[in-house]
Amino acid sequence: MDIDFTWLENNFFNTKLNETQRNLIASMIEVQTYTAKQVIVEQGSMGHALYVIQQGVASIDCSNNGESIRVATAHIGDLIGEMSFLTAAEVSATVTACEDCVIYRLSRATFSEMMKQDQELAYAVFAHLLNHTADVIRHMNQEKAAVQHYMSGSRF
């Protein structure tokens with residue numbers, strides 16, 4: 001399966017890519033397909049990659065003391081594995097395809113190479129990653145506030 005550069009330009013980079021950038025991306029991004037119920041990344045593994053959902057939906061579940069809890073659902077355009085990509089830590093959740101998915105995968109090592117070859121492109125990846133992370137933190141703060149209000153007996 002080929003990379004959909006128009007989709008990447010519109011949904012990830014938010015800019016038109018030149019031919020050199022397209023060639024660089026084609027050499028660095030891996031296109032992976034998953035069928036429903038197939039694990040994309042597993043909690044506790046060493047991910048070291050950033051995944052972008054180009055098609056499909058995936059569930060994000062955390063295990064704690066043998067109990068699995070759904071913490072989120074990832075949709076088209078969402079990132080997966082961003083924490084292990086940034087920190088080189090173990091993957092903190094298991095991500096499973098809910099339906100057939102097409103995933104773009106960028107490894108940390110490849111991203112390091114991208115930084116050497118095209119700083120503008122690497123900056124665009126990093127900016128998207130930071131915006132996504134800020135959105136996740138914002139959402140978590142809203143959920144925490146809702147839980148605190150609920151626990152204190154008040155409602156939003």
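Laboratory data are not the source of any read-out in this text; all were calculated from the coordinates shown. Model, not experiment: these values are computed from the prediction. Because the Cβ atoms are built from the backbone with ideal geometry, glycine has one as well, and the counts that use them run over all protein chains shown.
Residues LEU106, LEU24, LEU50, LEU86: which one is outside any strand (DSSP E or B), among the hydrophobic types (A, V, I, L, M, F, W, C) and under 12 Å from the mean Cα position of the chain (by Cα)?
LEU86
Among (1) surrounded by 17 or more Cβ atoms within 10 Å (Cβ to Cβ); (2) closer than 23 Å to SER59 by Cβ; (3) of a type in the set (A, V, I, L, M), which single condition is LEU86 missing?
It is condition (1) that LEU86 fails.
Which pairs turn up if I take residues in region 73-90 that are closer than 16 Å to ARG105 by Cβ and look for partners that are of a type in the set (Ser, Thr, Tyr) and assigned to a loop (DSSP other than H, G, I, E, B) with beta carbon separation below 6 Å, at least 6 apart in sequence or on another chain?
MET83/SER92
Identify all residues within region 27-47 that are of a type in the set (Val, Ile, Thr) and part of a strand (DSSP E or B); write none if there are none. Walk me through it before giving the result.
First, pick out the residues of region 27-47 that are of a type in the set (Val, Ile, Thr): 29, 31, 33, 35, 39-41.
Selection gives VAL31, THR33, VAL39, ILE40, VAL41.
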